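Below is one structure, written out as structure tokens; comments come after it.
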Amino acid sequence: MYRKILIMLSLSVLLLAGCSVRTGLDNANRNDFKMFKGKAVGVVTNHTALDSKGRHLVDLLHAAEDVKVQAIFAPEHGFRGDEEGGIHLSNNVDPKSGATIYSIYGAIRKPSREMLQGVDALIFDIQDVGARFYTYISTMGNIMEAGAEYGIPVYILDRPNPIGRQAEGPILQQEHKSFIGMYPIPIRHGMTVGELALMIRDRGWIENSEKLELHIVEISGWDPAKPYPKAKLEWIDPSPNMRNLNQALLYPGMCLFEASNFSDGRGTEHPFEWVGADYLDAAKVIEALQKREIKGLRITPVQYIPLDMPGYAMNPKYKEQTVNGLALTVTDPLAFRSVEFGVHLIDILHHYYPDQFVMYKPRMGRTFGNNDLYEKILDGKDAAVIISAYQDELTQFIAIRGKYLLY
């Protein structure tokens, strides 16, 4: 009997171990980076490229036998991920590997031939948060285009999408294309970067896509149908103002307020989860939102004073002023629809504060993906009309997306 219990316990341990999530980096490292042996690599990465033991991709590659780190390419927020969003960065040198660090968030956003001199393979490993306007996926597309142009294979070390499979929002229209939206996908796409890379290549959304040699190093043990905490991966802030999962879940909807005079919480310790304005009557707005039956979200009133926070947010809206706001907590990640909530909140704000709540049309077009939100709100249409207007194209996207899902 004792022996039987030991055997059962041993099997349980093995089964639990087998269920652990391994990122693309973990799997590449387990294979001793065999695919990069004898090669000089260019690494597109930031501080989020850590394995399960907290070791950085660049350090692991530098220590690997017969692999040379030729160059490092840094996205928005920099190689160490500690720069405020929108800041153009300069080049540097990594002290450990000796590789030049090139910023590809600035005047140059795609590696040039000179930057890629001597590079045999490009490796992309950055934690994304699943929103179209989070610029890491635009950087990934530019890297893929450079790989196609210069005949360099591209390897995507995949990571889970922390906000899951749910897709929301309109498809980006070509006329609103920018670095915060380069591809015809919804605001919330519900894909990993590896899956999205396959779609970008196969749909011909980059130049010379047919020439690209693309490899996806897959995740093991991840179930995208379950809330992200089930993966038991350590949260690493993918950018200075994305400090927890709650903020990531809210971000696809709350980022819409970057195209308005309404505070999105920057300049506080709670970006995207505290939103408001000096003119807001929080109790009245909360009552109106409760009538909309928003699922999976708790809303409470809060007051806050945005301040300059070097490295996080400078000159935030309502700087050094008291903001009457809403504190947002996602209680059910699978039920909460962040984009729809954002549309409902904008609808209510315009209804109660038509002269005080201001949207900026060009930025809203780039962020939402079309002019519908801006124009229909001003035309008196309610949130339900705006949301229903993009459902057909969203359904079509989800059907096409199915071809590229790996998990």
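What follows is calculated from the coordinates using simple rules that are stated; it is not laboratory data. None of these values were measured; they are calculated from a predicted model. Glycine gets a Cβ as well: all are built from the backbone with ideal geometry, and neighbour counts include every protein chain shown.
The charge dipole of segment 150-287, taken about the Cα centre with unit charges on the Cβ atoms of Lys, Arg (+1) and Asp, Glu (-1), comes to about 280 debye, rounded to the nearest 20.
With +1 on each Lys and Arg Cβ and -1 on each Asp and Glu Cβ, how big is the dipole of segment 245-390 about its Cα centre, in debye rounded to the nearest 20?
Roughly 200 debye, rounded to the nearest 20.
Compare 324, 208, 241 in a GNM of the chain, Cα atoms joined below 10 Å, and give the one with the largest fluctuation. Residue with maximal mean-square fluctuation among 324, 208, 241: 208.
Candidates 322, 349, 302 compared by Cα position along the dipole of segment 245-390: farthest toward the positive end lies 349, with charges placed on Cβ. Going from the fewest other Cβ atoms within 10 Å to the most, the residues 263, 178, 338 appear in the order 178, 263, 338.
Modelled this way, with points 7 Å down the Cα-to-C-beta line, the labels at residue 322 and residue 334 are 4.3 nm from one another. Farthest toward the positive end of the dipole of the chain, out of 191, 276, 250, is the Cα of 191, where the dipole comes from beta carbon charges about the Cα centre. For residue 381, a cut-off of 20 angstrom between C-alpha atoms picks up these lysines, skipping any fewer than 8 places away in its own chain: 291, 361.
Over all distinct alpha-carbon pairs, what is the Kirkwood Rh of segment 327-402 in angstrom?
That comes to 13.8 Å for segment 327-402.
Of all aspartates and glutamates in the structure, those lying under 12 Å Cα to Cα from residue 53, and not within fewer than 8 positions of it along the same chain, are 26, 234.
Could you work out [θ]222 nm for the chain from helices alone, using -39500 (n - 2.57) per DSSP H run of at least four and dividing by all its residues? Round to the nearest 500 deg cm²/dmol.
Helix-only estimate at 222 nm: -9000 deg cm²/dmol.
Working from Cα pairs under 8 Å separated by at least six residues, relative contact order for segment 245-390 is 27 percent. Dipole size of the chain about its Cα centre, with +1 on Lys/Arg Cβ and -1 on Asp/Glu Cβ: approximately 1040 debye, rounded to the nearest 20.
Taking other C-beta atoms within 10 angstrom as a stand-in for reagent exposure, 358, 193, 129 fall in the order 358, 129, 193, fewest first. Fewest-first ordering of 45, 329 by other beta carbons within 10 Å of each residue's beta carbon gives 329, 45. Across the chain, Cα pairs under 8 Å and at least six residues apart give a relative contact order of 16 percent. Highest GNM mean-square fluctuation among 108, 236, 185, for the chain modelled with Cα contacts below 10 Å: 108. Taking a ≥ b ≥ c as the square roots of the eigenvalues of the alpha-carbon gyration tensor, segment 245-390 is classed rounded because a/c is under 1.5.
Each principal axis of the Cα cloud of the chain was evaluated for its coordinate range; sorted largest first, these ranges are 69, 64, 42 Å. Orientation-averaged projection of segment 213-286 equals 8.1 nm² [convex hull of Cα atoms, one quarter of hull surface area].
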